[in-house]
1. By per-residue mean of other Cβ atoms within 10 Å, what is the highest-first order of B:30-40, B:326-336, A:153-163?
2. Let me see the P(r) profile for region B:164-268: every Cα-Cα distance counted, bins of 5 Å, each bin given as a percent of all pairs.
3. For the protein assembly as shown, with only Lys/Arg (+1) and Asp/Glu (-1) charged at the beta-carbon, what is the dipole magnitude about the Cα centre, in debye rounded to 20?
4. Rank the residues B:K415, A:K106 as a footprinting-exposure proxy: fewest other Cβ atoms within 10 Å of their Cβ go first.
5. Count the net charge of all other residues whose Cβ sits under 9 Å from the Cβ of A:L85, scoring Lys and Arg as +1 and Asp and Glu as -1.
6. With a/c under 1.5 counting as rounded, go ahead and sort the protein assembly as shown into rounded, prolate or oblate using the C-alpha gyration tensor (a ≥ b ≥ c being the square roots of the eigenvalues; past the cut-off, prolate if a/b is larger than b/c, else oblate).
7. Which GluC sites (Glu not before Pro) in region B:161-206 pass both tests, a DSSP loop state and at most 12 other beta-carbon atoms within 10 Å?
8. By per-residue mean of other Cβ atoms within 10 Å, what is the highest-first order of B:93-106, B:487-500?
Amino acid sequence: MSEVKFTIDGREITAPAGEKLLWVALKHDIYIPHLCGIQEEQRPGAGCRLCFVEVEGQAHPVTSCTLPVREGMAVKTRTPAVDRLVRSAFELLLSDHRLQCGKCPKNRACALQQIARERGLKLKLNRLKPLQREFPPVDDSTAVFACDRSRCVLCGQCVWADQQVAKVGAIGFSRRGLNRTVSTFTGMELADSPCTKCGLCVEACPVGALYFLDDNWKNLQGGQTPKGKI
Amino acid sequence: MSMLSTTEKTYQELRQKAEAKLAPLADKPLIWIGTATCGKAAGALEVREAFKEELKNKGVDARVMEVGCMGHCYAEPLAVIAKPGFPALCYGKVDEGLVKRLVDDFLVHDDPCYEFAMVALEANDIFPTFADFPRGVYEEKIILEQCGFIDPEDIDHYLAKDGYAALARVLDMESPQVIKEVKAANLRGRGGAGFPAGVKWEAVAGQAEQTRYVICNADEGDPGAFMDRSILESNPHLVVEGMIICAYAVGASHGYLYIRSEYPQAIRRVRTALQQARERGLLGNSILGSDFNFDLEIFAGAGAFVCGEGTALINSMEGKLGLPEHRPPRLSTAGLRGKPTVLNNVKTFAYVPLIIKKGAEWFKNTGTPGSPGTAVFALAGKVANPGLVEVPMGTTLRQLIYDVGQGIPGDKKFKAVQIGGPSGGCLPEAALDIPIDFDSLKEAGAIMGSGGVVILDEDDCMVRIARYFLKFTQQESCGKCTFCRLGTRHMLDILTAITRGEGKLSDLETLRELAEDVQAGSLCNLGKTAPNPVLTTLKYFYDEYRAHIKEKRCPALMCPDLIAYYIAPEKCSKLCNACVGSCPVEAVYTREDGLKAINQGKCVKCDNCLKACPFEYNAVIKLSPPSLLEEKERSTK
């Protein structure tokens, strides 16, 4: 594949033509906020709306997970328009996320915290009120890991891990609008579903919606995967 | 005499057969009844049965024929009587009594009952035609021309009116020539976005992949829009012919009509149309004797609004969740099953046979240079003559509302026009002289959209209207992307608070910021356009928002939390009890002096007492803010 040269924030970068900008930037240690991006996915879902960048010559910010790199393009990861969209998308996600970082198993390892840190955003609501809505009870039926939908950001990483990596198909997206959720077929408990407890979905979760219940969690934080032990 | 090609010869035979079959129709009286969904809802089926019954009773030899919709919703159910020796006459608001009179007076005797006739269908010396009314002057029916005048369930009616002639001509042309003609006509997609159809077709025709699809988007979901349904129910073959021509132009051998299941009658009539087209060799293998093969089938959509969006429509056809995808790739490169796909709206396809028949130049003679042709609008709301109208692009909103729609009923004042469906914008009086086309509407903050036009008068609260439309898009959001899923919800919450008098001025700033961000940041066009009603009302009716927040006052007296009902003692009569009986919660009571009053604690603001109060008293009035009540009560004590 042919290589192309272009710039991100003025830095000259070479990458294979057609590769999506988000992954090229991350590879070069240029941070762009993202939750739903999956590098292997043929057609990115582009649902989280956090990875906006500005390309010289284009009037509006575009999502970098869907942007193929081109020869000579000049990309900026921080502009007033980009920052405004990221700030709004982030605050919108927080408004529907149970914000009790101290009690969250993902505290300090959470993608939302990383975005806040990198972009100087606050982990609290500024303009918006929290959406008061009911979530199904925490599903800890597997005794290995738990699913708390009040922390879910609907990024779909767990669904990809379950369906495309583990090839199990225990979970998927269901319902629509504000009720969109990750669920098992008919919403049964995970223990009753085809779930094999492989833990790939838990590892994939960037926030604290899926978390291990026993010591395996600590192993994960130590950088080990708990897969073999379950 | 020039030599006829095979296709032309095959077509002429079909047409002659159709004409021969229909010729005897002119021998005896013919009664047409508009039985599209709109007519049926108004009682057309009962009218049809009444005619049949009465004809039998009186022993009159006449035919009853079902047709589609003429677009005059205000006069449904409609019937047309064509009796040899008389001009064909159209009667509106037909009921069983009128049926009896028409059969007896007109069909048995020769009195056409002009006092009940609405309009004559052909020029004559006695009775006015559509062209003699203001609406007829401004209207220019191109794709609606045959709607309501032919039997949609009999292909021969379409064939006899030159139907499928364009297809016969196209089959003798080279396919690039067909695309060239559509491109030259600058036919812009009538689904709302206005993308040039010819450019789309060319992109599909130029793909290396040889399997291609043609899909007609009939997932018409906007509240108040019914033009696609009406066309499919009234003249399905026009759309089918347009699709076959498109398939020939782009080299597709299979196509679909994506019709929402909420349109059962449209599905039924299209299915009949496809069946009859197949029987006549107009669909299937070797169309009209040529070597071109194409077939069409119906895909019934399950009724999600978002599935009208192209990528979501494709996903739902493939059995996946009906969620939109990021574009590119465009459908023209990777559409249904990853193959190049033309997706056009019902109306776009309907123009195609006419452009082929009459030429690109003819098409461009109507409308504006940037948006040639006509636009079909569903006029609704506070307008005297609601209905389906087709006017040239470039007609002003003022002409559309005051000449075609005959203005605002009653002595009410025009306030705004909401154009483009729930994703459209609300334009004020000052915008009435904008010539309507794709570009000018966008500039004003509205969109052409589906063509829904809702007219609002002084009794409509703009905050509530914005909330109403946003509520629709919020509920129809698929939930895939952050901005649309959560942004529209927060906007809705803010609007709800304002209509309850719980808003703050700073909320308006948040509302505007959110609206702009949802517009800029959403994944698909549902989210990108959802804020339009909010942004346009904030721009043009800011004072109304302010009044709700600062004065807790609803200027249109519409928001229940900001109004109070009050019975003016000086107008009320001891002799009348109408309001007391109308109240569902016993809030209205009789005072010691016999006059009526309202217990505000019980009142649920249902408006019944105001409607019940007889015209001669008009004693029930609405007050906003409710605090005015104390003042009133003090002053009358």
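None of the figures in this text is laboratory data; all of them are computed from the coordinates on show. Every value quoted in this text rests on a predicted model; they were computed, and no experiment measured them. Virtual Cβ from ideal backbone geometry, glycine too; neighbours counted across all protein chains shown.
1. Values: B:30-40: 24.2, B:326-336: 19.0, A:153-163: 22.3.
The peptides rank, most packed first, as B:30-40, A:153-163, B:326-336.
2. Spelled out per bin, shortest first, that is 2, 12, 20, 23, 20, 14, 7, 2, 0.
3. On the way: 105 positive and 106 negative charges, 625 e Å.
Roughly 3000 debye for the protein assembly as shown.
4. Details: B:K415 24, A:K106 20.
Fewest-to-most ranking of B:K415, A:K106: A:K106, B:K415.
5. On the way: positive: A:R49, A:R84, A:R87; negative: A:D83, B:D517.
Here the count lands on +1.
6. Values: a/c = 2.08, a/b = 1.22, b/c = 1.70.
Taking the square roots of the gyration eigenvalues as a ≥ b ≥ c, the protein assembly as shown is oblate.
7. Values: sites: B:E174, B:E181, B:E202; in loops: B:E174.
Those that pass, being in a loop and sparsely packed, are B:E174.
8. Values: B:93-106: 18.1, B:487-500: 22.0.
The packing order, highest mean first, is B:487-500, B:93-106.
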